[in-house]
Structure formats: C-alpha cells, structure tokens
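Participant: Please see the structure below; I have some questions.
The values are calculated or read from the model by the stated rules, or taken from the named source; none is laboratory data. All of these numbers come straight from a predicted model, not from anything done at the bench. Cβ placement follows ideal geometry from the backbone for every residue including glycine, while neighbour counts extend to all protein chains displayed.
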Amino acid sequence: MMRVKLLLLSTLLAAAVGFMPADEPAAESPPLPPRVAMLNPPGVSAGATTRVMLRGWNLNDAKAVTADREGVMVNVLKHESAAVPGRQKAEEIGDQQLELEIVLPDDPVFGELGLVVETAAGKSAPARLLIGAKQPVQAEAEPNDSFAQAQLLSVPQLVTGEIHADANVDVYRLELSEPQTIRMQVIAAELGSGLDSLLTLYSAAGNVIQQSDDRSGSRDSFLQLSLAPGTHLLVIQDAHDRGGPAHPYRLEVTAVEAADQAR
Ligand SMILES: [Ca+2]
Ligand SMILES: [Ca+2]
C-alpha cells in the first residue's frame, strides 16, 4: 500500500517539475528534493548543544540545515548512509542520515522548532524538534531495562529515548508524595518513528495498573489516571517487540490539575 502511495507521489513530483514519464531510466531522472523521516532524539533543551541524527531520503548533498527560529545554530557534522533494520523498509524510514549539532540559546522559549534541509534539488518540509526551556529535556540513560534499573523521573518531565534493539524495554520510575492525576504520553509514530509504542504502568509490587497501546488514530500511547502516593513504574516497549536505530520516542509526563481534568 505504502509502495503504491510513494510511486504516485514521485510521479506527481516529476510532473510538477516537468519531467515525465516515470518509466524513463533512473539515471536521467532529476535529483529528488530532500525529505526527513525522523529526528533522534526528537527533543533538545534550551541553552544546550545537542547532537541530533536527522534521518530521511536524498540528504547526501545537503548544503545546509536551517532552523525556523531566530538564534538557533545548526551545524552539519556528517552525511552517511543509514542502516535499514531487517524488517523495515527504506521507503518508510529513510536510508540516509545527517549528524547535526544544534546550539540553542538560553531564551525562555518552549515549543517546537522546524528544521529544513536544503540541497541543490530543493528544500524539505520542516521536521519538528521539541524544545524544553523551563522544563529541560531529559535523555534516557541506558541501562534502564528492568524495574531495578528504572530511571527516576520528576513530574513534570520531558524525556527522549529510543527502543534501540528488538525486545528492548525502557523503564522509568515515578515517586509521588501525594495523590495526583498523571498524564503519560508517548509521541513517536506521529514524528515518523518506526516505534509502535506500548506503555504500561506498574505498581511497585509489579502489578499492571493500566496499559495503552494505541490512542485513537495513532500508534502512539497515552495514559491518564489518578495515582496514590508512592512508587510507580512506567515501561515503554514496542508492541511487536521490535527496535532499532529508527525507533526514537518522546515521553511527556505531566500532572493534571483539577481544572484540566474537568475538560
Ligand atoms: Ca532505550
Ligand atoms: Ca502502539
């Protein structure tokens, strides 16, 4: 299904720039404009310098990567081919990558910026990168593969991580001092990641409290529930136990105020 869509898209693109037909030898086709599949990690902190891998298609002759926000510096450190894990398709997750160094000012900005890749063939659509300002982005710290290795999160917290290999799990720990309604949201597929997240909340004793695979219209996971004080463990994994270099995610853990709950 996806292959058909891509063929149609490339035909439309070729038509738009006046090159037809689609069945001419590939060598005579014009270079295709760059496209971004995903960013890893998909979030960076204000006031920090962060390495980010930008993965996609037609990136090898990138002249520049620019940010749509003032004061942000983006340096391209490296171009390279990107490994495509066995069960995935290059047309879905990209086969080239750029290693970027992103320098963000210490402004109290919060939100997302767009990164645009420019080559001789054109510009990519902006790829969305989260910026944490008041709330710095915390990168996952491996090993975090078991309850014993759970990585402590404060609330609220933005986390970036990756299910880096098949059957990998990332375990986080919440320590609540009072009853709170907590929202836990994975954003991955929405950002182009190959991850089909499965999010499970466990009690300190290891019992499943609640689990989320897909929220409506997305493969990404979402939990929101009232929690008692104490220790809670949050596990992110792939619903099909798959992982690899194209499986980044963003996790947002926030406390929901009473006024928000009423909405
Ligand atoms: Ca991981
Ligand atoms: Ca899912």
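Participant: List every residue pair whose Cβ atoms lie under 8 Å apart, where the two residues are 6 or more positions apart in sequence or sit on different chains, the first residue falls within the stretch 147-161 and is in the same structural domain as Tyr249 (by TED's automatic domain parsing), and the second residue, located anywhere, is of a type in the set (Asp, Glu) and part of a loop (DSSP other than H, G, I, E, B).
Facilitator: Gln151/Glu140; Val159/Glu140; Thr160/Glu140; Gly161/Glu140
Participant: Taking the residues in the stretch 227-262 that are more than 16 Å from ligand 1 (Cβ to nearest atom) and in contact with a Lys or Arg (Cβ under 7 Å, 6 or more places away or on another chain) as candidates, determine which candidate is modelled with the highest pLDDT.
Facilitator: Of everything passing the filter in the stretch 227-262, Thr231 is modelled with the highest pLDDT.
Participant: Consider the stretch 131-180. How many of its residues are outside any strand (DSSP E or B) and not small (Gly, Ala, Ser)?
Facilitator: 19
Participant: Let me ask another. Any idea how many residues of the stretch 193-220 are under 19 Å from Leu39 (Cα atoms), assigned to a loop (DSSP other than H, G, I, E, B) and of a type in the set (Ser, Thr, Tyr)?
Facilitator: Residues meeting the conditions: 2.
Here's the yes/no breakdown for (1) out of contact with any strand residue (DSSP E or B) (no Cβ under 9 Å at 6 or more places or on another chain); (2) in contact (Cβ under 8 Å) with a residue 60 or more places away in the chain:
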{"position": "Ala165", "(1), (2)": "yes, yes"}
{"position": "Leu176", "(1), (2)": "no, no"}
{"position": "Gln180", "(1), (2)": "no, yes"}
{"position": "Met184", "(1), (2)": "no, yes"}
{"position": "Ile187", "(1), (2)": "no, yes"}
{"position": "Asp196", "(1), (2)": "no, no"}
{"position": "Tyr202", "(1), (2)": "no, no"}
{"position": "Ala205", "(1), (2)": "yes, no"}
{"position": "Ile209", "(1), (2)": "no, no"}
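Participant: I would also like to ask the following. I'd like the full set of residues that are within 17 Å of the chain's Cα centre (by Cα) and either in a strand (DSSP E or B) or free of Cβ contacts under 8 Å to residues at least 60 places away in the same chain (or both), limited to the stretch 115-125.
Facilitator: Leu115, Val116, listed by residue number.
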